[in-house]
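Contents: one structure, followed by commentary.
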Amino acid sequence: MTENRPSRPQTGRQNLDPHLDRYAARTAGMTASEIRALFAVASRPEVVSLAGGMPNLAALPLDSLSTQVAEIIAEDGLVALQYGSAHGVPALRDQICEIMALEGIKAHPDDVVVTVGSQMGLDMVTRLFCDPGDVVIAEGPSYVGALGSFAAYQAKVVHVAMDDQGLVPEGLREALRQAEKTGQRVKFLYTIPNFHNPAGVTLAVERRAEILEICRQHNVLVVEDNPYGLLGFNGQIYPALRSLDPDNVVYLGSFSKTFASGLRVGWVLAPHAVREKLVLSAESATLCPPTLNQLIVSRYLSTHDWKGQIKKFQEIYRERRDAMLSALEQHMPPGCSWTHPDGGFYVWMTVPEGVDTKAMLPRAVTARVAYASGTGFYADGFGSRQMRLSYCYPTPERIREGVRRLAAVLESEMDLGRTFGSVSTRSISGPQNPAPDTL
């Protein structure tokens, strides 16, 4: 090695990153996101994007919110703009407990830790529990942001199948039995029980206690991620897993879907001993979540009809869901199937055999429509026949037009397959890392 120059691997190819040999081993699991890379193209106005999961904020009372933000600065600016506690603003933690009570959760504010979005909470929980090589059980498919966190801490993901009623209990039993048989350490089950991202299904109420009991029997923690729980379309609020087993469930919540995603305010509700370590973890990561953002959320909750606002969101998303389902029924060719969500943001579609949704994506973008290919939602390379379609942001008219364009691309792809045979992309190793809380 010459002076002031790092050594380069003798591979015959030039190393463009002079810091390559300095990185920690865990960075090997950090890969570029095919979904995030798609956003630059999908954001073009001529492209109908059914890919991203951005909330529709047009219904928010922006005038009154802007006035209240100014009041917070004028009245409490010395607090709002100062460092705060890593635990979070006490008044907001009280309000979070009131919100969780709607799902049957009885919680003390001391056990709530405010985070910079629920993604931070998920990252902290993974950091606290997972050593390299540990196993995390997750639904297949699963939230791409979770897969990115698990990969960053070198945890192995084992997927368990879902059906229209959510996670299949017998599949969970078998996965845990196999892990024990092979000597693998399963640290927790990661699950999105309500209006799943990306699958759109909801865990049946009668399965919830069974799944919790299975995890108890195998000494496995449950991490419940529930950003969509209040966004059901039929008025039903499902009982949180945390409400059924407070001592063995870590609950992740967020205001990104029910208020404003840009404020990046989420929370973790954890058993008391875990809470202590979460606070220490938050201090090392951010010192404290932004106090101003927390005060904005707290003022909104105390002065606005936030339950009425959630009902408006429900109506908006239900109308868009209906537009997507009717358009799929009208335009999609035979052999396609899709989920029928009763809340949340997403429809999960399976295409005929021989079609690779990742390989088809560039041709779809050329036809001015975008979606998220299924491979990004698995840690093991599966999902090439699936895609996630998001209905939360486009107008119903744009949704219908986007589905029409997508159906035409799919028909063309099927014609090519019948003529020349199917073309498969290489298998994907590792997850696709997310843009925070927007996927």
Exercise. Look at region 279-299 and say how many of its residues are among the hydroxyl-bearing types (S, T, Y) and under 14 Å from R93 (Cα atoms).
Key: 2
Quiz item: Mind checking which residues of region 219-241 are under 18 Å from L172 (Cβ atoms) and either outside any loop (DSSP other than H, G, I, E, B) or hydroxyl-bearing (S, T, Y) (or both)?
Solution: L221, V222, V223, E224, D225, L241
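Could you tell me which residue of region 356-400 is surrounded by the most Cβ atoms within 10 Å (Cβ to Cβ), considering only residues that are aliphatic (A, V, I, L, M) and in a loop (DSSP other than H, G, I, E, B)?
Taking region 356-400 as the starting set, the residues that turn out to be aliphatic (A, V, I, L, M) are 359-361, 364-365, 367, 369-370, 372, 379, 387, 389, 399.
Of the ones still in play, those that are also in a loop (DSSP other than H, G, I, E, B) are 367, 379.
Working: A367: 16, A379: 27.
Taking the candidates together, the pick is A379.
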Quiz prompt | Some residue of region 95-110 being among the hydrophobic types (A, V, I, L, M, F, W, C) and either modelled with pLDDT under 95 or surrounded by fewer than 14 Cβ atoms within 10 Å (Cβ to Cβ) (or both) | solution = yes
Quiz item: Being open to solvent by 20 Å² or more (accessible area, probe 1.4 Å), part of a loop (DSSP other than H, G, I, E, B) and closer than 20 Å to V274 by Cβ, is that true of even one residue in region 192-214?
Solution: no
Quiz item: Does D131 satisfy the criteria of being assigned to a loop (DSSP other than H, G, I, E, B) and in contact with a strand residue (DSSP E or B) (Cβ under 9 Å, 6 or more places away or on another chain)?
Solution: yes
Quiz item: Quick one: what pairs do we get from region 198-213, first residue touching a residue at least 60 places away in the same chain (Cβ under 8 Å), second open to solvent by less than 10 Å² (accessible area, probe 1.4 Å) and of a type in the set (S, T, N, Q), C-beta under 7 Å, 6+ apart or different chains?
Solution: T202/N194
Exercise. Name, by its number, the condition in (1) under 29 Å from P290 (Cβ atoms); (2) surrounded by fewer than 18 Cβ atoms within 10 Å (Cβ to Cβ) that does not hold for N219.
Key: (1)
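The values are calculated or read from the model by the stated rules, or taken from the named source; none is laboratory data. This one's a predicted model, so the numbers in the text were calculated from it and none came from an experiment. Cβ: placed from backbone, ideal geometry, glycine included. Neighbour counts: every protein chain shown. For the accessible areas, the whole protein counts, side chains as well, though only heavy atoms, and no ligand, DNA or RNA atoms are used. Shrake-Rupley method; radii C 1.70, N 1.55, O 1.52, S 1.80 Å.
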